[in-house]
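Coordinate-derived values only; no laboratory data. What you see is a predicted model; the values in this text were computed from it and never measured. Neighbour counts run over all protein chains shown; Cβ positions are idealised from the backbone, glycine included.
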Amino acid sequence: MTQARPRLNRPTKHPEPTPARHGGSRRGLLPFWRQRILPWRCYLGFAGLSHRMEIIVLGSGTSHGVPMIACECAVCHSLDPRDQRTRASVHVVMNGLRIQIDATPEFRVQALRESIPAIDLFILTHGHADHILGMDDLRRYCELRPDGTLPVYCTEEGEGRVRDIYPYALVPRGEQPDGYARFDLRRLPARLELPQGVIESTLLPHGRVETLGLVFTEAGTGRRFAYYTDCKTVPPAARDLARKVDLLLLDGLRPSPHPTHLSIPEALAVVTDLAPQRTFITHLNHAVAHCDEQLYLNNEAHFAYDGLKIVL
C-alpha cells in the first residue's frame with residue numbers, strides 16, 4: 001500500500017499584507033480593486049513600517065471631484081476605481097506625529113476609508129471651499145485630544161476664512177458644550193521645528209490667493225516630502241526648498257492650460273527642474289484617465305489616486 005506523501009508547508013515567497021496594515025476593508029477583507037492595486041503599493045515601498053514617514057493621499061481630485069455632476073464623459077463613467085477622485089487632501093505621519101493637510105467636503109468619508117485614528121496638528125493650505133469645508137468633521141479628533149483643542153496652522157487668508165465659516169470652533173473651552181470642533185489658530189512660520197521633524201512652508205500663487213507649499217523633513221531618517229497643491233507657478237524660492245526631495249506631490253489639473261493651476265506639461269517642467277526621487281501629480285480633473293498615465297507622463301511621474309500610500 002502506497003503511503004501518502006507528507007504535505008509540506010512551504011512559505012509563500014511574497015505574503016499578502018493584511019488589510020489592517022494597508023487600510024483595507026473594515027470587515028477584514030480586501031476589496032477586489034485594492035487587491036489589484038496592492039502590487040503598486042508594494043512597489044511604492046509601503047510595508048506598514050511605523051518608524052518611517054508615511055504619506056496617505058486621502059483625495060486626488062479637483063474642486064468638482066470626479067466623476068463630475070451631470071457629466072457624460074468617459075472618465076466620469078470609468079470603471080477604474082483610480083478615476084474616482086474625491087477632493088485633494090493628504091495625511092502625513094512623521095515619526096508618529098499625525099499631520100492632516102486640508103479637510104475636503106468628503107473628509108469624514110476619507111478618514112473612515114483610511115482608518116485615520118488621530119490628528120495631532122492640522123494645516124490649511126488656503127481657504128478655498130474644496131480645502132476647508134470639511135473642517136467641522138475635525139470635531140472627533142478634537143474630542144480625542146487631552147485639551148479638546150486642535151492646533152490649526154494657516155496663512156492670514158486661511159485664518160480669515162476659518163473665522164468666517166467656523167466662529168463656533170473658536171469659542172474658549174467651557175463656553176460651549178462638548179462635541180463641537182475647537183481650533184487653536186496659528187500662523188504657519190517659514191520653519192516649524194518639532195521633535196519629530198521640521199515643516200517648512202513657502203507661498204505659491206493661486207489666482208487671487210496664495211497657497212501654502214509644504215516641505216516635511218523627518219528627524220532621524222532625513223526623508224523629505226514636498227506637497228505643492230493648487231498653484232499656477234512654482235517660484236524660485238519654492239523650487240530651492242523642494243529640490244531633490246524624496247517625494248513630490250504636485251498640482252497638475254489637466255493637459256491644457258488653466259489660469260490658476262499648473263497644467264500637466266507645466267508640472268512636468270517643474271519636475272525636471274526639481275529632480276525629485278519620485279513624483280505624483282494630484283488635483284486631477286475629469287480630462288485625465290488614470291490608464292493614460294504613460295501617454296501624459298512618459299515615466300517622469302505618476303498620477304496620484306485616492307487611497308495611495310507611500311512610505312519613505
Between residue 147 and residue 71, the FRET efficiency computed from the C-beta separation at R0 = 45 Å comes out, to the nearest 0.05, as 0.50
What ranking of 141, 180 emerges when the number of other C-beta atoms within 10 Å of each C-beta is taken as an exposure proxy, fewest first? 180, 141
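Within 12 Å, Cβ to Cβ, of residue 136, how many net charges do the neighbouring residues add up to if Lys/Arg are +1 and Asp/Glu are -1?
Values: positive: 108, 139, 140, 182; negative: 137.
Residues near residue 136 contribute +3 overall.
I need the calculated FRET efficiency for the pair residue 112 and residue 298, taking r as the beta carbon distance and R₀ as 35 Å, to the nearest 0.05. Numbers along the way, then the final one.
Details: r = 36 Å, r/R0 = 1.03.
The pair residue 112/residue 298 has a calculated efficiency of 0.45.
How much length would be gained if the chain were fully extended between residue 156 and residue 187, taking 0.36 nm per residue of separation minus their Cα-Cα distance, in nm to one decimal? Write out the running numbers ahead of the final one.
Numbers: separation 31, 0.36 × 31 = 11.16 nm, distance 0.71 nm.
The residue 156-residue 187 span can extend by a further 10.5 nm.
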Amide H to amide H, which residues 5 or more places from residue 197 or on other chains are under 5 Å from it, using H placed in the peptide plane? 219
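Provide the FRET efficiency to the nearest 0.05 for the residue 256-residue 165 pair, computing r from the beta carbons and using R0 = 35 Å.
Numbers: r = 32 Å, r/R0 = 0.91.
Using R0 = 35 Å, I get an efficiency of 0.65.
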Farthest positive-ward along segment 30-311 dipole, Cα basis, beta-carbon charges - from 79, 265, 67: 79
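How much length, in nm to one decimal, is gained on full extension between residue 269 and residue 180, taken as 0.36 nm per residue of separation minus their Cα-Cα distance?
Working: separation 89, 0.36 × 89 = 32.04 nm, distance 4.43 nm.
Separation in residues times 0.36 nm, less the Cα-Cα distance, equals 27.6 nm.
State the antiparallel share, in %, of DSSP beta bridges confined to segment 30-311, rounding to the nearest 5. Mind dumping the intermediate values first?
Values: 32 of 55 bridges.
Bridges in segment 30-311 are about 60 percent antiparallel.
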Residue 79 paired with residue 64, simple spin-label distance in nm, labels 7 Å along Cα-to-beta-carbon: 2.4
